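Okay, structure first, notes after.
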Amino acid sequence: MRILITGGAGFIGSSFVHYVLEEHEVDEIVTLDALTYAGSKDNLDGALDHPRHQFVKGDIRDQELVTDLIKDVDAVVNFAAESHVDRSIEGAKPFVETNVRGTQTLLDAANDAGVDRFLQISTDEVYGQILDGKFSEDDALNPRNPYAATKASADLLARSFQTTHGLPVLITRTSNNFGPRQHPEKLIPKFIQNAAAGKLLPVYGDGSNVREWIYVEDNCRALDLVLRKGEIGEVYNIGSHAEKTNLEVTEAILDTVGVSNDLIEFVEDRAGHDQRYALKTEKIEALGWEPQYSFEEGLERTVDYYLD
Ligand code: NAD
């Protein structure tokens, strides 16, 4: 299979590039990434000069470039996105541009070229918050921040291309990822680096917001499974059931780095901060997937990576 991976110089995309090159001996990859502040070629260390990998610096909104790249591939995996909720609260425009218009550009090109699979990387945030129970793939989308709203738009747009044009679309909605190569603006890498430097760890509100944390390698295995074995037109939740409050995550980081809880600082809550996300995962489990890393194992690996 020849795969176009967009956003492959970012956190999850780069892990996926490494994963596919290691796991699938004949697959070829074209990575398309605009190298925004969030992307780095360093994330592709070891993959950049791989004989089955080609890196292209470019924007998913560039119709000519995207059309040219897609005509030679069997599958598209669209990771490229503006991904930081706080930035989307400061300004939604780049989120609409990349997450919505960029996805539309890719869908048009994939439809014209007739690719075999189009995997749209969505998120648990499209469902909005849930105080009790867990979301299943059939639940309505109720995004509550600009990032999530643009991801929900892309998710729905991709599904509409399947129903109206017959484009072979698959959607994954994964919970919060953590692991190596994540940008230090995100909670876990930021807190590890602050803890190691003896700086305060700013926890939003009272720290009671709950997220389900999945180690990035577990997510990549699930995404790869959906890409190859998923049923066209279906949505797959991917979650670990490792639910933690932000305060629990913060304390676990301090404990793993080996510094005192005195570094915790409670700061004004994020506007529209969703209280809890949680996913039902029977569909991805039916494909033969389960997480291999506990939260604690994943965190130890992640702390080792950042302290290195
Ligand atoms: P990231 O911010 O680390 O990486 C995004 C990548 O996309 C960067 O390399 C960036 O340069 C690239 N990019 C941005 N705009 C682009 C454009 N217009 N054209 C081409 N490339 C562009 O993000 P991430 O955390 O790796 O997330 C990857 C995907 O997974 C996103 O679609 C995100 O919504 C989704 N997701 C992330 C999480 C998570 O916990 N991180 C959870 C669920 C879903």
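The values are calculated or read from the model by the stated rules, or taken from the named source; none is laboratory data. Since the structure is predicted, the reported quantities are computational estimates derived from the model, not experimental observations. Glycine also receives a Cβ, built like all others from the backbone with ideal geometry; neighbour counts cover every protein chain displayed. With ligands, DNA and RNA removed, areas are computed over all heavy atoms of the protein, side chains included. Shrake-Rupley method; radii C 1.70, N 1.55, O 1.52, S 1.80 Å.
Just checking, how many residues over the range 151-194 are surrounded by fewer than 20 Cβ atoms within 10 Å (Cβ to Cβ) and at positive phi?
So the count comes out to 1.
Scan the range 27-64 for residues that are within 11 Å of the ligand (Cβ to nearest atom), open to solvent by 40 Å² or more (accessible area, probe 1.4 Å) and under 20 Å from Leu157 (Cβ atoms) and jot them down.
Across the range 27-64, the qualifying residues are Asp59, Arg61, Asp62.
Filter the range 73-105 for residues that are assigned to a loop (DSSP other than H, G, I, E, B) and without any contact (Cβ under 8 Å) to a residue 40 or more places away in the chain and give the result. Explain how you work it out, then say what you get.
Step one: list which residues in the range 73-105 are assigned to a loop (DSSP other than H, G, I, E, B), which gives 73-74, 79-84, 91-92.
Within the range 73-105, Gly91 is the sole residue that qualifies.
Within the range 90-107, work out how many residues are surrounded by 16 or more Cβ atoms within 10 Å (Cβ to Cβ), more than 10 Å from the ligand (Cβ to nearest atom) and either over 22 Å from the mean Cα position of the chain (by Cα) or closer than 30 Å to Pro189 by Cα (or both).
The number of residues fulfilling the criteria is 3.
Could you identify the single residue in Glu285, Glu300, Glu268 that is of a type outside the set (Phe, Trp, Tyr) and either touching a helix residue (DSSP H, G or I) at 6+ places or on another chain (Cβ under 9 Å) or open to solvent by less than 60 Å² (accessible area, probe 1.4 Å) (or both)?
When all the criteria are applied, what remains is Glu300.
I'm checking my understanding of the structure. Among residues of the range 145-186 that are among the small types (Gly, Ala, Ser) and within 13 Å of the chain's Cα centre (by Cα), which one is nearest to Ile232 (Cα to Cα)?
Looking at the filtered set, the residue picked out is Ser175.
Just give me the residues in the range 66-83 being near the ligand (Cβ under 10 Å from one of its atoms) and open to solvent by 20 Å² or more (accessible area, probe 1.4 Å), in sequence order.
Phe79, Ala81, Glu82, Ser83
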